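The values are calculated or read from the model by the stated rules, or taken from the named source; none is laboratory data. Here the structure is a predicted model, which is why all the values come from computation and not from measurement. So basically every Cβ, Gly included, is an ideal-geometry build from the backbone, and we count neighbours across all protein chains shown.
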Amino acid sequence: MDNLFIAASASSPEVDFRFDERTLSLKGESYPENAAQFWGEIIATLRRFLDEGGDAGITVNVALAYFNSSSTKMLFSLFDALNEKAESGAEVVLNWYHDEDDDTIFEFGQELQEDFSALVFNDHAVQS
Amino acid sequence: MSGIQQQWAEFHSYVERRDVIFYYVGYFSQTIIAAMADAVKLRAEHTGAVGQTRRKLFSSFIEMAQNIVHYSSDLHAKEGQATEPSMRRGAVFISLTDGVYYLHCANPVDGEMAGKLRPKLEHLRSLTIDEIKAEYKEMLRAETPPDSKGAGLGFLTVARDASAPLDFEFSAPDADGASTFYLRATI
C-alpha cells in the first residue's frame, strides 16, 4: 500500500509512515483543532497496513515534543493497534524520544509500556 | 511627554503593577491559538521559566484556549451565519508574581454548561495530585464522554500541571442563565 506522509503544520506533527520499509515516524507537536479527526484518519490507514498481514518487524519512532489532551487519547489508540499486531507475532519496536527533563512525556511512555507490553519499548532521553 | 507616550506609560505601568506578561481578548480560532502559542513560548522563555515550567505553562495554555474554541457560548457570526472555521469569544491572561505563573481564562457560558462545569471543577479541587494522576490514567483508558469535543482529559491535564488546586468562579447569571466562567491555574 502507499506510504503516508503528512507535513508538519503549526499545530500538527510530521507523519512519515513508510509502509514499504515498515518504519513509522512521528515528529513535532500535536494540538490540531480536531484531534479525533486528524488522528482517526491516520489510525485507519495504519490499521489497513497492519491488517495486510506479514509478520516482519515494524519500527516506530516517536519524537513528539508536545501533544494536547485529545491527541494523547488518540495516541493511546494508535499504540493499542500496534500492540495488537505485536501480540499476533510481529516484532514491533517503539522508540520513544523525549527531552531528558520532560517528565510528562517520559511518564506517558511508561504508561504505554505498562499497558502495551507486547511492544519492545526503548526510552530515549534526548539532551535539550 | 506627548499624549501618545503618556497613554503608553499609563498602560505599561498598569500592566507591570499587575505582573501581566501576556493578554488576549477576542475571538479564538485554531490559527489564532497556534500564533499565540508561539508568543507564549517566547514570553515564558524571556521571563526565565525553566524547561518543565515552560512546558506546563504551554500545555495549560493550549487546553484553556482550545476549551474556549470548543465551548464558549459566543460563536462568531456574520449576517446571522457562523463563520467557518468556527471562532468563539473569550480571554486569556498570564501573570508572573514572585516566580509563580498564573494562567487565567474567561469565556461566556450558558446555564447548562455552567451546571456541568461546576461539579466537575469542584470535584477536581477536592483531589490530591496523586488522585488527579490516577483519574487521568483511568480517563485515558475510558470511552470519551459523549458531550466532550476533546477526550474528557482537558481539565485533568491542567490540574495535573498546576501546583495548586484550580480556582474558578461564575459571574451572576443573566435572565437567560448565561454567565461568564473564570478559571485560574497556578503553575
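Would you confirm, using the coordinates I've provided, whether residue A:110 is without any contact (Cβ under 8 Å) to a residue 40 or more places away in the chain, closer than 22 Å to residue B:135 by Cβ and within 14 Å of chain B (Cβ to nearest Cβ)?
When the stated conditions are applied, residue A:110 passes them.
Only one of B:156, B:124 is within 14 Å of another protein chain (Cβ to nearest Cβ), under 27 Å from residue A:38 (Cα atoms) and hydrophobic (A, V, I, L, M, F, W, C); which?
B:156
Per-residue answers, yes or no, for (1) surrounded by fewer than 20 Cβ atoms within 10 Å (Cβ to Cβ); (2) among the charged types (D, E, K, R); (3) at pLDDT 95 or above:
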| position | (1), (2), (3) |
| --- | --- |
| B:14 | yes, no, no |
| B:18 | yes, yes, no |
| B:59 | no, no, yes |
| B:63 | no, yes, yes |
| B:80 | yes, no, no |
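For segment B:103-187, please list each of the helices (runs of 4 or more DSSP H) lying entirely inside it that holds at least 1 residues being small (Gly, Ala, Ser) and over 20 Å from residue B:66 (Cβ atoms).
Passing ranges, in order: B:111-125, B:129-141.
So residue A:89 fits all but one of (1) in contact with a Ser or Thr (Cβ under 8 Å, 6 or more places away or on another chain); (2) under 22 Å from residue A:53 (Cα atoms); (3) of a type outside the set (Phe, Trp, Tyr); what number is the exception?
Looking at each condition in turn, residue A:89 falls short on (1).
Of all residues in segment B:38-93, which are among the small types (Gly, Ala, Ser), under 30 Å from residue A:100 (Cα atoms), in contact (Cβ under 8 Å) with a residue 40 or more places away in the chain and touching an Asp or Glu at 6+ places or on another chain (Cβ under 6 Å)?
Here is the first cut: in segment B:38-93, the ones among the small types (Gly, Ala, Ser) are B:39, B:44, B:48-49, B:51, B:59-60, B:65, B:72-73, B:77, B:80, B:82, B:86, B:90-91.
Now drop any that are not under 30 Å from residue A:100 (Cα atoms), which leaves B:39, B:44, B:48-49, B:51, B:59-60, B:65.
So of that shortlist, the ones also in contact (Cβ under 8 Å) with a residue 40 or more places away in the chain come out as B:44, B:49, B:59-60, B:65.
Selection gives B:59, B:60.
Can you pull out the residues in segment A:23-68 that are part of a strand (DSSP E or B) and within 14 Å of chain B (Cβ to nearest Cβ)?
Once the filter is applied, which keeps residues that are part of a strand (DSSP E or B) and within 14 Å of chain B (Cβ to nearest Cβ), segment A:23-68 yields A:28, A:29, A:30, A:64, A:65, A:66, A:67.
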